[in-house]
Every structure is written in structure tokens, then in C-alpha cells.
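S.K.: Below: one structure in C-alpha cells.
Bear in mind that the values in this text are calculations on the coordinates, not laboratory data. Only a predicted model underlies this, so the values are computations on that prediction, with no experimental measurement involved. Cβ atoms come from the backbone with ideal geometry, glycine included; neighbour counts cover every protein chain shown.
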Amino acid sequence: MSFFSNWFGPKKKKDQPDFAFYENVIHTIAVSETLKDKLLRKVRQAFDHPESFYDQEGQYQLSARSLNPSKDDALLPKFVLIDLLQDHNEMAEVDWKETEQEVRYWINALLTAKTYPGSLLNEEKYGRNVHTGEVLDLINQNELKPLGYALEILDIDSDSYVFTIVPLHRQEEVQEMFRVLK
């Protein structure tokens, strides 16, 4: 292999987590037992039969994500997990330019769906000129952590923020899981 082949040749695919890893993620971040069972079935299906998540035209069926059959099979379990958690309000996704009130709405929806006590005020607290990522961080540090929770963001290489809320004692564990899922 020539020198330039090493630089410009085929890139090695990043190893993707296996089903056992996803099983651990599901048991760690999902609260509803019924949802856990559904997630386990659907994530297993994403590993075993990825084609079942696409329609005849090759469009991903769970959301408007632009996933392609066979090309994105390695990413499919992650997005099946995310989309099903979102469908049950145990994970949320906000755009990079979302208003603080919208962010607060989704955080309160997560708290309610996960039956965590407490809620955030719906009023704007940090101002209109604060970037969405900073709003998430400020709410996490100043409002959620005092309640005993942490907001954890899963990077999906997008212009949106995908996140969930976990008890503080699970924060580091979930951070590491999300680092691996990235």
C-alpha cells in the first residue's frame, strides 16, 4: 500500500457498541418497564433486521432522519433507541436555536414522563441572547442539579441537542455511555 493510500484510502469504520451495551443503556436511562421491554425488542430488531425500519422507498420510518438502508446500519440501533425514547418523552431533542421556554417545556416533559419530582418554572430566566447549549448548561447546573438530577446530552453529530435527565448518582455512568454512543 502506498503512502497516499494510508491518507486517502478507505477509512476504518468506528466500532459500534453491541446489543449488550445498548441493553445496559436501556436499563440505566429508561424508567418505564414497559418501555424498556419495547426498547430491547426494537434495538435487537435494529441489529438483526435493519431493513425492517425502512419503507419500500428506503425511508427511515421512526422519524424524519435521513438514514439510508445498509449505509447507516451501524447507526440504526442508536437512532431507534433515541426515537423511541423521544416518542415516550424519556428523551428530548431541541434545535440549536430553540427558545429557552421551549427548552424548559421539554425538560419538564422529561421530568413528568420519568415521574421525577419537581419541575422548572416556564418563564425565561437567562435572556433571549443566550445560546441553546448555554441555556441547557445553565438549567442543568442551577436548576436540575439542586433537585438531584443531571441533564445529559447525547451528541448525534447534528445541529440539535438530544438529551435526557438522570438522577445525579447516574450522571458519570450515563456520560460515559453517551461518549461511547457518539
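S.K.: By count of other Cβ within 10 Å, fewest leading, how are Lys125, Lys71 ordered?
M.R.: Numbers: Lys125 16, Lys71 9.
Final ranking by Cβ density, sparse to dense: Lys71, Lys125.
S.K.: If you don't mind, another one. Any idea what the alpha-carbon Rg over 2.2 N^0.38 Å comes to for region 73-175?
M.R.: Against the compact-globule rule of thumb, the ratio is 1.03.
S.K.: May I ask for the Kirkwood hydrodynamic radius of the chain, worked out over all distinct Cα pairs and given in angstroms to one decimal?
M.R.: Answer for the chain: a Kirkwood hydrodynamic radius of 17.7 Å.
S.K.: Rg to Rh for region 123-178: what is it, with Cα atoms only and Rh by Kirkwood?
M.R.: 0.99
S.K.: Order by neighbour count: Ile139, Ile29, fewest other Cβ atoms within 10 Å first, most last.
M.R.: Ile139, Ile29
S.K.: Still on this structure, I have one more. Note the direction-averaged projected area, equal to a quarter of the hull surface, for the Cα convex hull of region 16-88, in nm².
M.R.: 4.6 nm²
S.K.: If neighbour count is taken as other Cβ atoms inside 10 Å, put Arg41, Arg128, Arg170 in order from fewest to most.
M.R.: With the sparsest Cβ surroundings first, the list reads Arg128, Arg41, Arg170.
S.K.: Under 19 Å from the 7 Å Cα→Cβ point of Asp155, by amide nitrogen: which residues of region 54-75?
M.R.: Those under the cut-off are 75.
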